[in-house]
Amino acid sequence: MMEELFATDVMSLWTIFLMGLSTYVTRIAGVYVLRYVTLSGRMEEALKAVPPAIFMSIIAPVAFMTGPAETISAALTAVVAMRAPLLPSICVGVICVAFLRQVI
Amino acid sequence: MTDTTAIAKPSSPARDDYLAGMKTIAPLLLVAGPIGVLFGTLAAQKGLSPFEIMLQSALVFAGGSQFVALDMWAEPLPWLTIALSTLLVNLRHVLMSTSLTPNTAQFSAPQRFVAFFFLADEVWALSEKRALKHGLTFSFYMGLVVPFYLMWVLSSFVGAFLGSAFTDPASIGLDFAFTALFICLVMSFWNGIHTGAVLAASGLTAALVHATIPGAWYIMAGAAAGMATAALLARPDNVENRRTPEGLS
């Protein structure tokens, strides 16, 4: 049991290490970007748009290009999220998509 | 808990900030838990041992890229492809850390190096939101990070043992939880018609690129389109306006 639990090999460890390193590089890089670049008003506006733009990009393929169940559930989640707190909104989306996938 | 942040903000001691961070992240723990279990389950089916699964969650701590890596996990292990894909999927973190860095003025340099190791999407989003109204302290940030990190690592470990319990997560809509979470986050950044234009540009671009170019380029393309739109719409007298996210209780 203990051997199965800790089973590993050099290639897996190496791959996991490289994944961790790649991720840390992307996370720490931003600290240096601003040291060498001065922000104009326009660039600052662009930087402020990064959060919603990235969220939208992650959503888009699932919401618009997967099927009607996903598109309808995404729209419903967005409407509910304007009024309701985070967790209930997510639950509405998940229940809606599960239901529509059975029906459609 | 007597670090420098307490001196910088006497009205809000470090301990209160840490607890406020924990309170802020609490709802997301319930989202991250099932996703972590799902990751562990899928990883176990790919032949990773519980130790390897927990190690990956602990060292990488980036759900999206971990799922992408699982997709490619096979014998012999394509380690270079996996490492490059991880870099690509996580390139968005360069933008995130660039955007957050000016808001970490209260962090010491070593604190920033530790903190940014844990800069997951959700941690970053809630930190930006906090910085808008209160200013961001290291204590608040760690209040977000510690429970979220422990939840991610432990839930993926639990998933490693559940094995076949979630054979078809799509049938109960669990795979959609990730998308629903990001929809809620988008809505919290809504600030009028300019936001709408940014979202339309990034959404359309991401969908088009996703359909035509393999890999995770669609995230960078959508981000670039949204940034370009925001820059074009910016008026010189308008640059001091800050967005005011609401919701995300």
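Read-outs throughout are calculated quantities, based only on the coordinates presented, and are distinct from any laboratory measurement. These numbers come from a predicted model, not from an experiment. Using ideal geometry, Cβ is built from the backbone for each residue, glycine included, and neighbour counts are taken over all protein chains shown.
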About its Cα centre, how strong a charge dipole does the protein assembly as shown have in debye, to the nearest 20, once Lys and Arg get +1 and Asp and Glu get -1 at the Cβ? 1000 debye
Highest GNM mean-square fluctuation among A:Ile58, A:Ile72, A:Ile16, for chain A with Cα springs under 10 Å, belongs to A:Ile16
Dipole moment magnitude, nearest 20 debye, region A:9-103 about Cα centre, only Lys, Arg, Asp, Glu C-beta charged: 200 debye
Could you give the length gained on full extension between B:Ala200 and B:Ile172, defined as 0.36 nm per residue of separation minus the Cα-Cα distance, in nm? 7.1 nm
Computed label-point distance, nm, for sites B:Leu80 and B:Lys133 using a 7 Å Cα→Cβ extension: 5.0 nm
Per-pair calculated FRET efficiency, R0 = 35 Å: B:Ile213 and B:Ala105 via Cβ, rounded to 0.05: 0.40
Going out from 0 in 5 Å bins, what whole percent of all Cα-Cα distances in chain A drops into each bin? 2, 9, 10, 13, 11, 9, 13, 16, 11, 4, 1, 0
Largest-first principal axis extents of the Cα set of the protein assembly as shown (Å): 62, 52, 36
Within the under-15-Å Cβ sphere about B:Leu70, not counting B:Leu70, Lys/Arg +1 and Asp/Glu -1 give a net charge of -3
Could you tally up the Lys pairs in the protein assembly as shown with alpha carbons closer than 22 Å? Skip any pair fewer than 8 positions apart unless they're on separate chains. 7
Of B:Gln45, B:Ala62, B:Ala201, which is farthest on the positive side of the dipole of chain B, counting Cα position, with +1 on Lys and Arg Cβ, -1 on Asp and Glu Cβ, and the Cα centre as origin? B:Ala201
Just to be sure I follow the definition: excluding the sites themselves, where is the longest run in chain B that has none of the GluC sites (Glu not before Pro) in a DSSP loop with at most 12 other Cβ atoms within 10 Å? B:1-239
